[in-house]
Amino acid sequence: MNRSALLLPLASLLFAGCAMQQDSFPSLAKRAIEDIPAEGPQIAPDIDAVASLPVELQREVDAAVGQSDAAHRNFLADLSTVESSVSAGRNAEPSSESWVVAQMQLSALETRRSPSVSALADLDALYFRRLESEFSDNPPGGAALIDRSRKQVAEQVEMQQRKIDELKAVLR
């Protein structure tokens, strides 16, 4: 039997799925409801709405910020030594002593920042837990207080990551 005789019916069956009628999809035109401004609770209420957090929650926030601050100080204290090692290993062959030393110190520097990353994760959890409680029964504003601490720690983590990425780029 001729192959082309089999291929023609098979191809028509396959391409039949591609052919659709013009009216089978909804319009992508803007609907009237999309012009109405959205109203609802603010995601991060004004910080003035609540003067302070409950004592236990404030302790958790302070502990996370303190953990990140300590890790950031350690990171900064080690940074110049690592930068010197990376500079020495810049054009070295991979597996050479200067390159390996730079890689090891860079790895240790990454480990130094893990408490900051962990603190940011803790603050994220506290923030979202507080947001949930504000939407259900607590007065608004506490999440905004936590968010201020989150932003501080996030800036530390971002700076640390930026420095590590810069140093890694030198060794490649």
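The values are calculated or read from the model by the stated rules, or taken from the named source; none is laboratory data. Small disclaimer: the values here were computed from a predicted structure and weren't measured. Every residue, glycine among them, receives a Cβ derived from its backbone with ideal geometry; neighbour counts consider all protein chains shown. SASA here: full protein model, heavy atoms, side chains in, ligands and nucleic acids out. Shrake-Rupley method; radii C 1.70, N 1.55, O 1.52, S 1.80 Å.
Could you list, in sequence order, the residues of segment 86-109 that are without any contact (Cβ under 8 Å) to a residue 12 or more places away in the chain, closer than 22 Å to Gln161 by Cβ and either among the basic types (Lys, Arg) or open to solvent by less than 70 Å² (accessible area, probe 1.4 Å) (or both)?
Here is the first cut: in segment 86-109, the ones without any contact (Cβ under 8 Å) to a residue 12 or more places away in the chain are 91-97, 100, 104, 107.
Narrowing the set further to residues that are closer than 22 Å to Gln161 by Cβ leaves 104, 107.
Result: Ser107, single match.
For the condition among the basic types (Lys, Arg), surrounded by 17 or more Cβ atoms within 10 Å (Cβ to Cβ) and either within 17 Å of Glu60 (Cβ to Cβ) or out of contact with any strand residue (DSSP E or B) (no Cβ under 9 Å at 6 or more places or on another chain) (or both), Arg162 does not qualify.
Of all residues in segment 69-78 being out of contact with any Leu (no Cβ under 7 Å at 6 or more places or on another chain), surrounded by 13 or more Cβ atoms within 10 Å (Cβ to Cβ) and of a type outside the set (Asp, Glu), which is nearest to Val157 (Cα to Cα)? Quick ask: steps written out before the conclusion?
In the first step, residues of segment 69-78 are kept if they are out of contact with any Leu (no Cβ under 7 Å at 6 or more places or on another chain); the result is 69-74, 76-77.
Now drop any that are not surrounded by 13 or more Cβ atoms within 10 Å (Cβ to Cβ), which leaves 69-72, 74, 76.
So of that shortlist, the ones also of a type outside the set (Asp, Glu) come out as 70-72, 74, 76.
Details: Ala70: 12, Ala71: 10, His72: 8, Asn74: 13, Leu76: 12 Å.
Among those that are out of contact with any Leu (no Cβ under 7 Å at 6 or more places or on another chain), surrounded by 13 or more Cβ atoms within 10 Å (Cβ to Cβ) and of a type outside the set (Asp, Glu), it is His72.
Scanning segment 121-159 for residues that are aliphatic (A, V, I, L, M) and farther than 15 Å from Val65 by Cβ yields Leu131, Ala143, Ala144, Met159. Candidates Glu134, Glu83: the one that is out of contact with any Ser or Thr (no Cβ under 6 Å at 6 or more places or on another chain) and open to solvent by less than 30 Å² (accessible area, probe 1.4 Å) is Glu134.
How many residues are hydrophobic (A, V, I, L, M, F, W, C) and over 30 Å from Ser96 (Cα atoms) when one looks only at segment 127-172?
Final tally of qualifying residues: 10.
With among the hydroxyl-bearing types (Ser, Thr, Tyr) and either on the phi > 0 side of the Ramachandran plot or in contact with a Leu (Cβ under 7 Å, 6 or more places away or on another chain) (or both) as the only criterion, which of Ser114, Ser136, Ser149 stands out? So that I can check it myself, show each step before the final result.
Working: Ser114 fails: either on the phi > 0 side of the Ramachandran plot or in contact with a Leu (Cβ under 7 Å, 6 or more places away or on another chain) (or both); Ser136 fails: either on the phi > 0 side of the Ramachandran plot or in contact with a Leu (Cβ under 7 Å, 6 or more places away or on another chain) (or both).
Of the residues listed, the single one that is among the hydroxyl-bearing types (Ser, Thr, Tyr) and either on the phi > 0 side of the Ramachandran plot or in contact with a Leu (Cβ under 7 Å, 6 or more places away or on another chain) (or both) is Ser149.
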